[in-house]
Amino acid sequence: MLSPFSIKLATMRNEILFISDLHLTIERPEVTRKFIKLLSGRATEAKALYILGDLFDTWIGDDDFSPPIRKIKKHLKALTSQGTAVFYIHGNRDFLIGERFSRETGITLLDEYSVIDLYNTPTLLTHGDLLCTDDLPYQAFRLKSHTSEWQDNVLSKPLIFRLLYARWYRLRSYFHKRKKSQDIMDVNQQTIEQVMAKYQARRLIHGHTHRPAVHDFQLQGAKTQRFVLAEWKKDSASLLSWSKSGYKVESI
Ligand SMILES: [Mn+2]
């Protein structure tokens with residue numbers, strides 16, 4: 001039976017929050033602090049929190065407990081325990097987040113493309129890297145690194161090897177990114193239209209490109225919107241909030 005208190009809570013829980021690209025790392029404690037503030041404050045009154053990838057700057061396996069991982073896990077667990085559903089889509093940095101992390105935090109791992117009914121609009125959620133189809137070398141690496149053969153091989157290495165590999169990989173991707181043109185690093189509109197048609201979606205929400213915007217376009221004669229979430233930095237962070245009355249982009 002619902003007590004008056006839980007009825008009040010139930011009616012309050014009408015907000016759905018979306019964030020991505022926090023790139024949490026020990027090197028940016030301000031971002032970790034902002035995230036924990038969100039988890040222990042605002043998000044406790046939300047119906048659901050969707051994290052669309054790259055929550056962590058690197059993820060080398062669920063057995064890694066280096067800071068700030070333990071703290072983040074604790075706060076995620078507290079949030080899911082008190083009734084906010086938390087959903088996660090892997091980013092290109094933390095795609096090795098696995099079942100153990102999900103079990104320990106109470107979050108639900110979603111598929112790389114997931115459709116939800118967001119206030120009566122079929123809404124496609126994804127990290128965004130899959131939409132950058134002009135970046136052929138990256139897509140080739142992604143394909144390879146998402147096979148269980150590659151992942152089992154990596155995860156079977158001792159933690160210290162994986163830590164060193166992650167350092168090397170970050171350095172490598174930093175230099176690669178500098179060489180690549182800005183166009184190649186962005187999404188491909190044709191891919192977006194194909195994927196949205198395939199999933200029958202009228203709205204797309206993703207991150208990854210760090211180019212926050214709301215794009216309006218027509219797809220098969222219907223009004224369609226694409227929301228790009230912002231990356232979190234030391235002095236700027238934002239979330240996308242949906243309720244029955246529409247959406248808000250809020251800075252934190
Ligand atoms: Mn990304």
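The values are calculated or read from the model by the stated rules, or taken from the named source; none is laboratory data. Bear in mind the structure is a predicted one, so any value in this text is a computation, not a measurement. With ideal geometry, Cβ positions are generated from the backbone for all residues, glycine too; neighbour counts draw on all protein chains shown.
Yes or no: ALA197 touching a Pro at 6+ places or on another chain (Cβ under 9 Å) and not β-branched (Val, Ile, Thr)?
No: the conditions fail for ALA197.
In region 110-124, how many residues are farther than 28 Å from PHE141 by Cβ and in a loop (DSSP other than H, G, I, E, B)?
Result for region 110-124: 2.
Are there strands (runs of 3 or more DSSP E) fully within region 167-247 with at least 1 residues that are more than 22 Å from TYR88 (Cα to Cα)? List them.
213-219, 222-228
Restricting the search to region 125-166, which residues are outside any helix (DSSP H, G or I), β-branched (Val, Ile, Thr) and free of Cβ contacts under 8 Å to residues at least 12 places away in the same chain?
THR147, the sole residue that qualifies.
Is it the case that ASP54 is acidic (Asp, Glu), modelled with pLDDT of 95 or more, assigned to a strand (DSSP E or B) and under 25 Å from ILE192 (Cα atoms)?
Here the answer is no, as ASP54 does not meet what is asked.
Filter region 136-174 down to residues that are over 24 Å from ILE51 (Cα atoms) and within 16 Å of the ligand (Cβ to nearest atom) and give me whichever is modelled with the highest pLDDT.
Of everything passing the filter in region 136-174, PRO137 is modelled with the highest pLDDT.
Given the criteria under 19 Å from the mean Cα position of the chain (by Cα) and on the phi < 0 side of the Ramachandran plot, does ASP186 qualify?
yes
Give the number of residues within region 80-109 that are part of a loop (DSSP other than H, G, I, E, B) and surrounded by fewer than 18 Cβ atoms within 10 Å (Cβ to Cβ).
4
Just checking, does region 202-212 include any residue being modelled with pLDDT of 95 or more and among the hydrophobic types (A, V, I, L, M, F, W, C)?
Yes, because at least one residue in region 202-212 is modelled with pLDDT of 95 or more and among the hydrophobic types (A, V, I, L, M, F, W, C).
Using the structure shown, decide if LEU49 is modelled with pLDDT of 95 or more and more than 16 Å from the ligand (Cβ to nearest atom).
Here the answer is yes, as LEU49 does meet what is asked.
Let's see how each residue does on (1) free of Cβ contacts under 8 Å to residues at least 12 places away in the same chain; (2) closer than 22 Å to GLY128 by Cα; (3) away from the ligand (no atom under 15 Å from the Cβ):
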position: LEU24; (1), (2), (3): no, yes, no
position: GLY41; (1), (2), (3): yes, no, yes
position: GLU45; (1), (2), (3): no, no, yes
position: ASP57; (1), (2), (3): no, yes, no
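Kindly indicate which of LEU118, LEU110, LEU79 is of a type in the set (A, V, I, L, M), in contact with a strand residue (DSSP E or B) (Cβ under 7 Å, 6 or more places away or on another chain) and within 16 Å of the ligand (Cβ to nearest atom).
Only one candidate passes the filter, namely LEU110.
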